[in-house]
1. For the chain, report the accessible area per residue in Å² (1.4 Å probe, heavy atoms, rounded to an integer).
2. Please give the Cα centre distance for region 168-191 versus region 71-114, rounded to the nearest Å.
3. Tell me, what is the 1.4 Å probe accessible area of residue 206, in Å² to the nearest 10?
4. Pop the C-beta distance of residue 114 and residue 201 into the FRET formula with R0 = 22 Å and round what comes out to the nearest 0.05.
5. Return the distance in nm (one decimal) between the two label points of a simple spin-label model at residue 99 and residue 163, each offset 7 Å from Cα along Cα→Cβ.
6. What are the residues whose amide H is under 5 Å from the amide H of residue 104, where those residues sit 5 or more places off or on another chain and H is modelled from the backbone?
7. Could you rank the peptides 167-178, 94-105 by their average count of other C-beta atoms within 10 Å per residue, with the highest value first?
8. P(r) tail for the chain, what percent of Cα pairs lie past 28 Å?
Amino acid sequence: MTLEDTKASQPLLPATIVEERPATSQAVRDLAERTRGRPVTVGEVLDALEDGGFGVLMILFALPNAVIPGISFILGAPVVLLGLQLASGRKKVWLPQVMRRQVIPPAIFEAVADRAERFLIWIEKRARPRWNVVVSDGGERLLGLYIAIVAAFLMLPMPFGNILPAFGIAFMSVGIIEKDGKAASLGAALGFLGVLYLVLAFAVGVQALKAVIGML
């Protein structure tokens, strides 16, 4: 056997594997890089990430509310509409011009994109298709309606009231993207706890106000 035959009989070494960042997190990062240092409109975000569907947009708009105060109305209102569209079975994302023209300051959008990207990278390593009934066509419609309800509560200006609803919407959106019914179920539970907290906090606030008025 010649040297050439020996080389030919040897198995080829595997090519170097280059790990690529998942598409959804990469899309968020690409958008942040393109818009760095300037204001960004909600419509610009929508146009750039529309291919990611409802899920990635709801994550981007909902998740930052957990850690950045004062943005729940700007970023929460689109989630309500996105959830309702998902519930209706709509396949193409749409927002009215008044929402599309909403401007997100550069510093806020960079913080939004950074947190959304890190969450996506973390969750994409763990999410996988399972509990299919939760994320079936009918299940997605129910999740869309539930997301819209949770997002409406998310917009309330309640101290510490944004955290659980924001993470709940984010996990439900991950479930929709990755067809992971377990993640969606976790998100639904977090959303419920968040809404319950807001309702109880509001009730306590009303009772406290009545007590103060009664003392006058």
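The values are calculated or read from the model by the stated rules, or taken from the named source; none is laboratory data. Just so we're clear, the structure is a prediction, and the values are computed from it rather than from any experiment. So basically every Cβ, Gly included, is an ideal-geometry build from the backbone, and we count neighbours across all protein chains shown. Accessible surface is based on the protein model in full, side chains and every heavy atom, while ligands, DNA and RNA are left aside. Shrake-Rupley method; radii C 1.70, N 1.55, O 1.52, S 1.80 Å.
1. In whole numbers, the chain has 56 Å² accessible per residue.
2. Taking the Cα centre of each part, region 168-191 and region 71-114 sit 18 Å apart.
3. 50
4. My answer for the efficiency is 0.15.
5. 2.7
6. For residue 104, the qualifying residues are 40, 41, 42.
7. 167-178, 94-105
8. Details: 8157 of 23220 pairs.
That fraction is 35 percent.
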